[in-house]
Amino acid sequence: MSGVHESQQDVDIDLGGLFGAIWRNRMRVLLATVACAGIAFAGASLITPKYKSEARLLIETREPAFTTGQDRAQGGEQPAFDEAGIASQVQLLQSADLIKQVARNMKLYELEEFDTTAKPSAVSDVLVLLGLRKNPLDLPPEERVLKEFTEKLTVYQVERSRVIAIEFASKDPRLAAEIPNEMAKVYLSLQSGAKLDTNSEATRWLEPEIANLREKVREAEQKVAEYRSQSDLLPTGDNSTFAVRQLNDISTELARVRGERANAEARAESVRAVLKSGGSPDTLSDVVGSQMIQRLKESEAQIQGQISDLSTSLLEGHPRLKGLRSQLSGIRTQIKAETQKILSSLENEAKTAELRETQLTQQLNKLKADTARAGEDEVGLKALEREAAAQRQLLETYLARYREATSRTSNNATPADARIISAAVEPTEVSFPKVVPITVVGGVAGFALSSIIILLAELFSGRALKPTAAAAAATSRRREEEEVVVETPEPAETVEEPVVHADREAFREPVVPARSLLSDMEPEDEDEGEEEPEVAEIAAVEAEDDEDYSIAAVADYLVENEIPVAISVSPSGDRGSAATVMLARRIAQENRKTLIIDLTGSACPTRLMAQSQFLPGITDLLVGDAAFGDIIHGDRLSDAHIIPRGNANIRRAMRGIDRLAMVVDSLSDAYDTVIVECGAAEVEGVRRLTRDQQMDIILSLPGADEDEVVDLLTAFGDAGYSEIVLMTGEAKEPPGHPGRRAA
């Protein structure tokens, strides 16, 4: 669970605080708004005003009345222009030839606005004399006007219509209106003349071509009919012969049968391979899908569950356990037998598919000969059909073009396919710049920018965040429980913070004796006749000057020896727990997945690592109020993870101490290193947690004296713990080869 998600569970954004921050800084916002508006006003006032005017053309198919009636009677009405046709007319209106014609008609090259090179500067003349620049006056006047004209011209299609708008911008409002109107007139004239020339030329060329094509089409169709009757090529509905159709059907069926055979053989081979290797057939879909296998698996799971339950109270040689194991063996034998039957079924399926494939292959080979003969004959037929189709299509095209061109050979029969629907008028208002809107936009931009900066500053500083109702309720509930369950510890003196890790703030918390959750467990009844645990021998090593019990040394020891689970006891309180937090972060820096479980009464590791000390944790898991995925959280300063103490009742949670041991074992499979921080736990509490398993015990004793260290080592040694690691928190260089025992 990410830190952002955790943070969102405990805090909300205080909208009132955000708007309050803007109000507190209202003078700054006002100054920024006025400054931006002033800059926008000054910039807009310095720009030379421009005027715009627009003419509009409607693109449509236009025909004389008599021609249109004749075309409709014959079904030859021309379709309206499509999107591509309208776009082509837009490009035509922006063509260089049309612009040059307009420039010549209106003598635009005589105006300085359109021909800036007509009066060259002194620098330009010098560059021309030195040959570094081509003389712009060598170009025709229309060419010099072209670039400037194009920049001021805008031609576009009105959305979802066949209307084209011609928009022109100029310093002179009169020119802004006259130029679009002149462009529309030139465009209509060019279209009308081009249509007349095209129709006359097309008519003269099409007449002899149509006569020749008619004879060619007749001959080609006659050859197709004769060839089809001689070759006995019976046509089908999909333009293929009967033999080809039958061959395609058999080929498709053969491919399907081969696929079924390959699938059956592959499934059989997979079952055979699992049985041969002695592996579990549970991963095979054919085996898992068997109802018999499913019932046997259910029986196997029930018997295994009974064996697991009885193993906790009965010895291995108990008759009931032997009987259950015998039943389990019989069920597994039945599972293997059922798997063998499934294999035989798959093999029979593969054989059936193989026989079907053989039959289809024989039929296919027989049809290949017939198809080959028909294919040779069909080559000639297709060639004749292609020739006849090409000639027929060409003839139909020529006939349509000839009729169209004939009806448009007169002068009155070739109107342009467009008309002016809106002429440009002389503008009275400036198009650009709009001083007032630009000033308003500048002021709004200044206000928005300054407000955003203030809001971001409030959010990143945390001043605009407030606890959620759920977090406040959790805080109240936890405090009430602590008043009943947890005794208030006596405050201890603040000690000098050790230099252990770059995250020094971990040691800046008040140092108080930390009560352990293990201290709230109900006493466990001892079984009669229980043997005392064997006291393991502890290697006694005198503390010399070159020995190192620092956090770095302990971290290297855990990493190099790949210790999966370590129990950390901190008799010194929160200071020892803080050293354990630094140990977890140090191990996480070695690219090892590290987890720390907070079993302290003060929740010191939770405060140092989690986003909030009221997140769900280990006590919530033990009482059943939370799942695994809800209690694991990321450290806010490293890649390590933490399971917080939680918010549930501690005594109720510690009744499930047996579940806690299983939780630790499960987490050790997912993480490289699991550290259980028990706080100021007693030896008996640690024994209840470890269940007499041999685990590494870390005594986190920063600043402890020699007598206290010896007493603790003796107590844990008498309890049977031989792997005890002492961590004083002193920042020395870690030893090169730390031993299995630090003390």
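Taking a 23 Å limit on the Cα-Cα distance, which of the listed pairs K216/K382; K100/K171; K100/K434; K297/K351; K52/K100; K276/K322 fall beyond it? Listed pairs above 23 Å: K100/K434; K297/K351; K276/K322.
When the dipole is taken about the Cα centre of region 539-680, and only Lys, Arg (+1) and Asp, Glu (-1) are charged at their Cβ, what size is it in debye, to the nearest 20?
Charge dipole of region 539-680: 1000 debye, to the nearest 20.
The GluC sites (Glu not before Pro) of region 311-378 that meet both conditions, a loop assignment by DSSP and at most 14 other Cβ atoms within 10 Å of the site Cβ, are E316.
Which shape class applies to region 590-629: rounded if a/c is under 1.5, otherwise prolate when a/b exceeds b/c and oblate if not, where a ≥ b ≥ c are the square roots of the Cα gyration tensor eigenvalues? Please report the intermediate quantities before stating the final value.
Numbers: a/c = 1.96, a/b = 1.29, b/c = 1.52.
Note, shape of region 590-629 comes out oblate.
How many percent of the accessible area of region 305-372 is carbon or sulfur, using a 1.4 Å probe? That fraction is 52 percent. Each peptide among 676-683, 173-180, 304-311 gets the average number of other Cβ atoms lying within 10 Å of its residues, and from highest to lowest they stand as 676-683, 173-180, 304-311.
Sorted by packing (mean other beta-carbon atoms within 10 Å per residue), highest first, where do 208-220, 631-643 land?
Details: 208-220: 13.8, 631-643: 20.9.
By packing density, highest mean first, the sequence is 631-643, 208-220.
Taken as Cα centroids, region 620-679 and region 409-459 sit 63 Å apart, rounded to the nearest whole angstrom. Maximal additional length on extending the Q91-K185 stretch stands at 32.2 nm, based on 0.36 nm per residue less the C-alpha distance. Ordering S329, S570 by accessible surface, largest first, gives S329, S570; the 1.4 Å probe counts only protein heavy atoms, with every chain in place.
Under the simplified labelling scheme, the V440-L394 pair shows an inter-label distance of 6.8 nm, with each label point 7 Å from Cα along Cα→Cβ. What does the extension gain come out to for Q304 and R651, with contour length at 0.36 nm per residue minus their alpha carbon separation? Gain on extension, Q304 to R651, equals 121.6 nm.
The values are calculated or read from the model by the stated rules, or taken from the named source; none is laboratory data. Just so it is clear, the structure is predicted and the values come from calculations on it, not from any experiment. Here the Cβ is made from the backbone with ideal geometry for all residues, glycine too, and neighbour counts use every protein chain on show. Side chains included, ligands, DNA and RNA excluded: accessible areas come from the protein's heavy atoms. Shrake-Rupley method; radii C 1.70, N 1.55, O 1.52, S 1.80 Å.
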